[in-house]
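Every read-out reported here was derived from the displayed coordinates using simple, explicitly stated rules and does not represent laboratory data. This is a predicted model, so every value here is computed, not measured. Don't worry about glycine lacking a Cβ; one is built from the backbone with ideal geometry, like all the others, and counts go over all protein chains shown.
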Amino acid sequence: MFRAIQRFFRERNSGKVAHQRMQVVLMHDRLDITPDVMEALKNDILGVLSRYMDIDQESMSVDLEQGKDYTALISNVHIKRVYRRPMTANP
Amino acid sequence: MAGKSIVVTSGKGGVGKTTTVANIGTALAKKGFRVVLVDADIGLRNLDVVMGVENRIVYNVVDIIEGNCRMEQAMIRDRKLTNLYLIPAAQTREKDAVNPEQMKDLCAQLLESFDYVIMDCPAGIERGFKNAIAGADTAIVVTTPEVSAIRDADRVIGLLESNLLTNIHLIVNRMNYRMLRKGDQMSTEDIVGLLSVPLLGVVPESEEVLVSTNRGVPLVHNRGSHAGTAFQNIAARLDGENIPIESDNHAGLMGKIKRFIWS
Ligand SMILES: Nc1ncnc2c1ncn2[C@@H]1O[C@H](COP(=O)(O)OP(=O)(O)O)[C@@H](O)[C@H]1O
Ligand SMILES: [Mg+2]
């Protein structure tokens, strides 16, 4: 009983922490996305978005998120203004 | 029955590959199979001392491949079991003294007269790894419940699959049931969930392992040893027996009773 109370107030069990960290690490390993590739992907997305809207480039984030049975690519970006018409691709 | 060739691998060093090869090889031989263990860790010979036959080595695996001796001349018979043999690694050679094609031929040749050919793989994922897996039809990946070992195991599983070695089994070694109860260790379920390969067995952390390597007598000779029982179960599962994973935790029942009394 005392043990249970002690456990309750302690930090999260390190076994759980390890498990969650490994879920993320292995997913990245398996997708084999290196930080370089991730940066390139981010820049490409930025390029496409900027044709349609004025965005805050600093605010942009791209992450992979692991769900129970899926992997999601989550990107967050702050929009300043949407253009009426898309800009041409390569000016 | 056509023989099986098994490679025991892990990526990370020091997780228990050599211990596993010695014990499941001995356990299978005790069941009556003809077994040969091949130390594929060229340059870092180890299996011979774990098996206790280090002072009987004349020739090694590189000698066979280079044709310096006949195959039988390099095979050392076990001290206790007449149907168990070891082919030692070369100690003073580099890993590139052999190539995967040669290892494949050697395995095929050994399978003509043995039921089980079990290869002890070096750590790493380079040449030595490729040599060790070349002739295998089954892989056993050994990990411990530790982040670095699990990550390396995952990498190795990926490499095995891309080498079309898809018959892969997992052993979790050095399971510390005390740490597990405290919540300070990943559980077997966690690990199997992460790596998603079928589980062959769970070997407890045990001081007996060190004692047995000190003596050069594999644990499975030692009745009543917890880790030895786990290795015996693993060997039986390889042979197709259906033994529940829970029985690998030999101390499980006694432990539960003790904990019940003390809690
Ligand atoms: N279940 C276990 N409990 C305690 N010690 C172990 C266990 N398995 C392996 N060891 C120890 O870990 C060390 C590395 O084991 P070894 O089999 O040589 O690993 P590898 O071949 O993967 O490098 C050895 O000192 C061995 O005695
Ligand atoms: Mg070894």
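At-a-glance table
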{"read-out": "Selection from B:Thr144, B:His226, B:Met75, by position along the positive dipole direction of the range B:4-262 (Cβ)", "value": "B:His226"}
{"read-out": "Debye, to nearest 20: dipole size of the range B:1-126, +1 on Lys, Arg Cβ, -1 on Asp, Glu Cβ", "value": "580 debye"}
{"read-out": "FRET efficiency, 1/(1 + (r/R0)^6) with R0 45 Å, evaluated for A:Ser61 and B:Glu246 via beta carbons", "value": "0.50"}
{"read-out": "Label-point separation, B:Arg215 to A:Met38 (7 Å along Cα→Cβ), nm", "value": "5.1 nm"}
{"read-out": "Set of the range B:6-44 residues, backbone N closer than 19 Å to the point 7 Å along the Cα-Cβ line of B:Gln91", "value": "B:18-19, B:38-44"}
{"read-out": "Check: chain B dipole with +1 on Lys, Arg Cβ and -1 on Asp, Glu Cβ, in debye", "value": "840 debye"}
{"read-out": "Kirkwood Rh and Cα Rg combined as Rg/Rh, the protein assembly as shown", "value": "1.10"}
{"read-out": "Prolate/oblate/rounded label for the range B:1-84 (Cα gyration tensor, a/c 1.5)", "value": "rounded"}
{"read-out": "Ranked list, fewest to most other Cβ atoms within 10 Å of each Cβ, for B:Ser206, B:Ser247", "value": "B:Ser247, B:Ser206"}
{"read-out": "Separation of the B:Leu44 and B:Arg181 label points, Cα + 7 Å toward Cβ, nm", "value": "3.5 nm"}
{"read-out": "Proxy reagent accessibility, fewest Cβ within 10 Å first, across A:Leu31, B:Leu37", "value": "A:Leu31, B:Leu37"}
{"read-out": "Estimated FRET transfer efficiency when R0 is 30 angstrom, pair A:Ile74-B:Glu146 (beta carbons, to 0.05)", "value": "0.55"}
{"read-out": "Packing-based exposure ordering (other Cβ within 10 Å, fewest first) of B:Val217, B:Val50, B:Val35", "value": "B:Val217, B:Val50, B:Val35"}
{"read-out": "³J(HN,Hα) computed for each position of the range B:89-95 - Karplus, 6.51 cos²θ - 1.76 cosθ + 1.60, integer Hz, glycine/proline x", "value": "6, 6, 8, 10, 10, 9, 4"}
{"read-out": "Amide H within-cut-off set for B:Val203, under 5 Å, with H built and near neighbours excluded", "value": "B:Val172, B:Asn173, B:Arg174, B:Met175"}
{"read-out": "Whole-Hz couplings from phi, Karplus 6.51/-1.76/1.60, listed for the range B:103-116; x for Gly and Pro", "value": "5, 4, 4, 4, 4, 4, 5, 5, 5, 5, 10, 10, 7, 9"}
{"read-out": "Förster radius 22 Å - calculated FRET efficiency between B:Asn222 and B:Thr82 (Cβ-Cβ, nearest 0.05)", "value": "0.65"}
{"read-out": "Computed lengthening from B:Ser113 to B:Ser162, 0.36 nm per intervening residue step minus Cα-Cα distance", "value": "14.7 nm"}
{"read-out": "From phi via Karplus (6.51, -1.76, 1.60), per-residue ³J(HN,Hα) for the range B:29-45 in Hz, x at Gly/Pro", "value": "5, 5, 7, x, 6, 7, 10, 10, 9, 10, 7, 8, 8, 5, x, 10, 5"}
{"read-out": "Under 5 Å, built H, 5+ apart or other chain: amide partners of B:Ala90", "value": "B:Gly43, B:Val61, B:Val62"}
